[in-house]
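Novice: What follows is a single structure, and I will ask about it in a moment.
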Amino acid sequence: MQKFKYDKDSLMTYIKDFNLDLGYQDDISILKEEVDLGDGYISPNRMAIHPLEGCDGHTDGSPSEFSLRRYKRFARGGAGLVWFEAIAICEESRANPRQLYITEQNKEVFKTFVDEIRKTRSEVSSKKQILIAQLTHSGRYSKPNGAASPICAYDNVELRESSGLPEDAFTYAADEYLDSLPDMFAKTALLLKEAGFDGVDIKACHGYLLGELLSAYEREGKYGGSFENRVKLLMTSFKKVKEACGDNFILTVRLNLYDSYLKTENNPGWGGNVDKMDLTEPIKLIGMLKDMGMKVINITMGNPYHNPHINRPYNAGGYTPPEHPLVGLGRLIEGSAKVKQEYPDMIVVGTGYSWFRQCAPHVAANEIANNKTDIMGMGRVALAYPDFANDIINHNRMFSDKICLTCSLCTKIMRAGRFAGCPVRDQEVYLPILREVRKYG
Ligand SMILES: Cc1cc2nc3c(=O)[nH]c(=O)nc-3n(C[C@H](O)[C@H](O)[C@H](O)COP(=O)(O)O)c2cc1C
Ligand code: SF4
């Protein structure tokens, strides 16, 4: 097959060859439209920055000057919605010792952080940027002191064996422990509301605790087995956060539609398994969250530690993927379309656009125009090219010399325990870090 050239002709040829339900729209002005997110919030355009952990907070959980630098770049960049990175709900659930974690002690630092970001934004635009914070319990991927301290929903043999950790390294969360978490989600959400955020997301994706519980088919007790039991912790947390934060505050979920793990005798897999996607249960769950007042959802798939080609299709990474990146992108984008088809009133933030480079706004505009998604969410692009939205608004295009190469170097430095950012396009801060990782590991 001819090498992919990141232009319309190449894209249309590949779409046809892979039989993907994607398209390309020349006119991308739809991305400049406002979107009503409900609860009194309007995003000034249809472009969002996805949550991107920077691993650059202080050990007490408060943001550092590096965290502020990242978000000031996002504020200047023009995306209408900035979906902040994972913020831990308790010490033991931090994914690294530098993950953000808000407490009564540091909440004023968070408030100043949010104020600074809003001030930066107001210097370039009079339109309010919407700021949503992501709440997380890192579960299986907890590393609060820098060493793996997994807290799992159940024994997933595939993930345990691929982790390289000994069997006795894994802790399994007892029902009593899980019972205590909804109050922690609510407490953290309220602190973030007081710090000035417009909303919170209860993270249920990427193999972290609430995401993992969705596939706890084999778990005994009230959080395992039946669909109702597996979604219970997410639903209870949602209810508690809603009660704590009230209306006029966005409450949303970043949800894995599909894990893509191996099928086992007693575990058919969340959203299906590696052989076949089946969105019956995820769609049912979204309906339940909608009935509880959720108006916005952020759609994602896969597990970045285990099958990153499903989660963020790439050109270079830790292994050669079993499929072309476009097939993975087609799946991610099709997932958003299925949700939109089922719940037309739900505002869907789509994932799967960074790889398309300068074609991304054209692919997203086509999805939005056909009511298959509402907002183009950008992950890695935001690290490489934080002002992509300004260029779309002012120049009707993204520039090829600024785009993300999907080379996975940002994740390489993050997995090495360093600050995460783009050593390719943001060299001043992150190239020295990459060099250190290459030298010392
Ligand atoms: C460095 C890095 C950090 C990330 N941190 C988070 C996070 O905190 N929460 C989350 O839900 N996803 C996180 N992601 C996943 C992204 O939000 C996004 O889903 C993924 O990169 C795919 O989108 P893209 O193809 O536009 O990059 C992270 C990704 C990267 C590369
Ligand atoms: S290192 Fe930069 S160019 Fe490479 S994937 Fe990450 S953001 Fe994109």
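Novice: Restricting attention to helices (runs of 4 or more DSSP H) lying wholly within segment 172-261, give those where 3 or more residues are within 23 Å of the chain's Cα centre (by Cα) and farther than 28 Å from I117 by Cα.
Specialist: On the way: elements: 175-195, 209-213, 227-230, 232-245.
Fully inside segment 172-261 and qualifying: 175-195, 209-213, 232-245.
Novice: A further question on this structure: Kindly provide the set of residues from segment 260-286 that are in contact with a helix residue (DSSP H, G or I) (Cβ under 8 Å, 6 or more places away or on another chain) and either loosely packed, with under 15 Cβ neighbours inside 10 Å or closer than 23 Å to S163 by Cβ (or both), ordered by number.
Specialist: Across segment 260-286, the qualifying residues are S260, Y261, L262, T264, W270, G271, K284.
Novice: Still on this structure, I have one more. Go through segment 386-410 and give me each residue that's in contact with a Phe, Trp or Tyr (Cβ under 9 Å, 6 or more places away or on another chain), surrounded by fewer than 19 Cβ atoms within 10 Å (Cβ to Cβ) and in a helix (DSSP H, G or I).
Specialist: The answer is D391, and nothing else.
Novice: Across segment 57-76, which residue is farthest from V296 (Cα to Cα) among those that are surrounded by fewer than 23 Cβ atoms within 10 Å (Cβ to Cβ) and within 16 Å of ligand 2 (Cβ to nearest atom)?
Specialist: F66
Novice: Going residue by residue through segment 147-170, is there one that turns out to be without any contact (Cβ under 8 Å) to a residue 12 or more places away in the chain and farther than 30 Å from Y217 by Cβ? Give the derivation first.
Specialist: Residues of segment 147-170 without any contact (Cβ under 8 Å) to a residue 12 or more places away in the chain: 147, 160-161, 164, 166-168.
Still in the list and also farther than 30 Å from Y217 by Cβ: none.
No: segment 147-170 contains no residue that is without any contact (Cβ under 8 Å) to a residue 12 or more places away in the chain and farther than 30 Å from Y217 by Cβ.
Novice: Identify the residue in segment 348-371 that is over 19 Å from the mean Cα position of the chain (by Cα) and farther than 23 Å from K5 by Cβ and, among all such residues, is nearest to ligand 1 (Cβ to nearest atom).
Specialist: Looking at residues that are over 19 Å from the mean Cα position of the chain (by Cα) and farther than 23 Å from K5 by Cβ, I get I368.
Novice: I'd like to know if segment 353-362 contains one or more residues that are farther than 13 Å from I30 by Cβ, out of contact with any Ser or Thr (no Cβ under 7 Å at 6 or more places or on another chain), among the aromatic types (F, W, Y) and more than 16 Å from ligand 2 (Cβ to nearest atom).
Specialist: Within segment 353-362, none of the residues are farther than 13 Å from I30 by Cβ, out of contact with any Ser or Thr (no Cβ under 7 Å at 6 or more places or on another chain), among the aromatic types (F, W, Y) and more than 16 Å from ligand 2 (Cβ to nearest atom).
Novice: Out of G199, G225, I need the residue that is crowded, with 23+ Cβ neighbours inside 10 Å and out of contact with any Ser or Thr (no Cβ under 6 Å at 6 or more places or on another chain). Which one? Please lay out each step first, then the result.
Specialist: On the way: G225 fails: crowded, with 23+ Cβ neighbours inside 10 Å.
Within the list G199, G225, the selection yields G199.
Novice: Something else about it: Determine which member of the set D9, D56, D26 is touching a Pro at 6+ places or on another chain (Cβ under 9 Å) and more than 21 Å from K295 (Cβ to Cβ). Explain how you work it out, then say what you get.
Specialist: Numbers: D9 fails: touching a Pro at 6+ places or on another chain (Cβ under 9 Å); D26 fails: touching a Pro at 6+ places or on another chain (Cβ under 9 Å).
Step by step, each of D9, D56, D26 is checked, and only D56 is touching a Pro at 6+ places or on another chain (Cβ under 9 Å) and more than 21 Å from K295 (Cβ to Cβ).
Novice: Let me ask another. Please verify whether segment 160-170 includes one or more residues that are surrounded by 18 or more Cβ atoms within 10 Å (Cβ to Cβ), outside any loop (DSSP other than H, G, I, E, B) and not charged (D, E, K, R). Let's see the steps before the verdict.
Specialist: To start, the set of residues in segment 160-170 that are surrounded by 18 or more Cβ atoms within 10 Å (Cβ to Cβ) comprises 170.
Imposing the further condition that a residue be outside any loop (DSSP other than H, G, I, E, B) reduces the set to none.
The answer is no; no qualifying residue exists.
Novice: Starting from segment 112-123, take each residue that is within 18 Å of L81 (Cβ to Cβ) and list its partners that are assigned to a helix (DSSP H, G or I) and not charged (D, E, K, R), counting only C-beta distances under 6 angstrom and pairs at least six apart or across chains.
Specialist: Qualifying pairs under 6 Å: V114/A195; I117/Y71; I117/A75; T120/A75; R121/A75.
Novice: Hey, could you check segment 409-421 for residues that are away from ligand 2 (no atom under 12 Å from the Cβ) and touching a helix residue (DSSP H, G or I) at 6+ places or on another chain (Cβ under 8 Å) and say which is farthest from L68 (Cα to Cα)?
Specialist: Applying the filter and picking the extreme gives A416.
Novice: Filter segment 355-385 down to residues that are outside any helix (DSSP H, G or I) and closer than 17 Å to V339 by Cβ, then give me how many there are.
Specialist: 8
Novice: So, in segment 393-408, of the ones that are hydrophobic (A, V, I, L, M, F, W, C) and within 10 Å of ligand 2 (Cβ to nearest atom), which residue ends up nearest to I310 (Cα to Cα)? So that I can check it myself, show each step before the final result.
Specialist: Initial filter on segment 393-408 (hydrophobic (A, V, I, L, M, F, W, C)): 393, 398-399, 403-405, 407.
Right, trim to within 10 Å of ligand 2 (Cβ to nearest atom) and you get 403-405, 407.
On the way: I403: 21, C404: 18, L405: 17, C407: 15 Å.
The qualifying residue nearest to I310 (Cα to Cα) is C407.
Novice: Just to be sure, is N366 in contact (Cβ under 8 Å) with a residue 24 or more places away in the chain and on the phi > 0 side of the Ramachandran plot? Break it down into steps so the answer makes sense when it comes.
Specialist: Values: in contact (Cβ under 8 Å) with a residue 24 or more places away in the chain: yes; on the phi > 0 side of the Ramachandran plot: no.
Judged against the criteria, N366 is not a match.
Novice: If you don't mind, another one. If I ask for residues that are of a type in the set (A, V, I, L, M) and either assigned to a loop (DSSP other than H, G, I, E, B) or out of contact with any helix residue (DSSP H, G or I) (no Cβ under 6 Å at 6 or more places or on another chain) (or both), which ones from segment 69-106 would you list? Before you say what the answer is, go through the steps one by one.
Specialist: Our first condition is that a residue be of a type in the set (A, V, I, L, M); within segment 69-106, this holds for 75, 79, 81-82, 86-89, 95, 100, 102.
Correct list: A79, L81, A86, I87, A88, I89, A95, L100, I102.
Novice: Quick one: V114 ticks every box in (1) buried (at least 24 other Cβ atoms within 10 Å of the Cβ); (2) assigned to a helix (DSSP H, G or I) bar one, so which box is it?
Specialist: Of the numbered conditions (1) buried (at least 24 other Cβ atoms within 10 Å of the Cβ); (2) assigned to a helix (DSSP H, G or I), the odd one out for V114 is (1).
Novice: Here's another thing I want to ask about it. Filter segment 209-218 down to residues that are of a type outside the set (A, V, I, L, M) and buried (at least 23 other Cβ atoms within 10 Å of the Cβ), then give me how many there are. Steps first, answer last, please.
Specialist: Going through segment 209-218, the residues of a type outside the set (A, V, I, L, M) turn out to be 211-212, 215, 217-218.
Restricting the remaining residues to those that are buried (at least 23 other Cβ atoms within 10 Å of the Cβ) gives 211-212, 215.
So the count comes out to 3.
Novice: If you don't mind, another one. Looking only at segment 25-55, count how many residues are part of a loop (DSSP other than H, G, I, E, B), out of contact with any Asp or Glu (no Cβ under 8 Å at 6 or more places or on another chain) and of a type in the set (S, T, N, Q).
Specialist: Total meeting the criteria: 1.
Novice: Specify the residue that is surrounded by the most Cβ atoms within 10 Å (Cβ to Cβ); the eligible residues are those in segment 1-35 that are within 26 Å of I49 (Cα to Cα) and among the basic types (K, R).
Specialist: Per the criteria, the residue is K32.
Novice: Of all residues in segment 422-440, which are in contact (Cβ under 8 Å) with a residue 40 or more places away in the chain, near ligand 2 (Cβ under 8 Å from one of its atoms) and closer than 19 Å to K72 by Cβ?
Specialist: Residues of segment 422-440 that are in contact (Cβ under 8 Å) with a residue 40 or more places away in the chain, as a first pass: 422, 424-426, 429.
Checking the rest, the ones that are also near ligand 2 (Cβ under 8 Å from one of its atoms) come to 422, 424-426.
Within segment 422-440, C422, R425, D426 meet the criteria.
Novice: Among L326, L332, which is farther than 16 Å from I49 by Cα, near ligand 1 (Cβ under 10 Å from one of its atoms) and within 21 Å of the chain's Cα centre (by Cα)?
Specialist: L332
A short reminder: the numbers here are calculations on the coordinates, not readings from a lab. A quick note: this is a predicted structure, and the numbers were derived from the prediction, not measured. For neighbour counting, all protein chains shown are included, and Cβ atoms are generated from backbone atoms with ideal geometry for every residue, glycine included.
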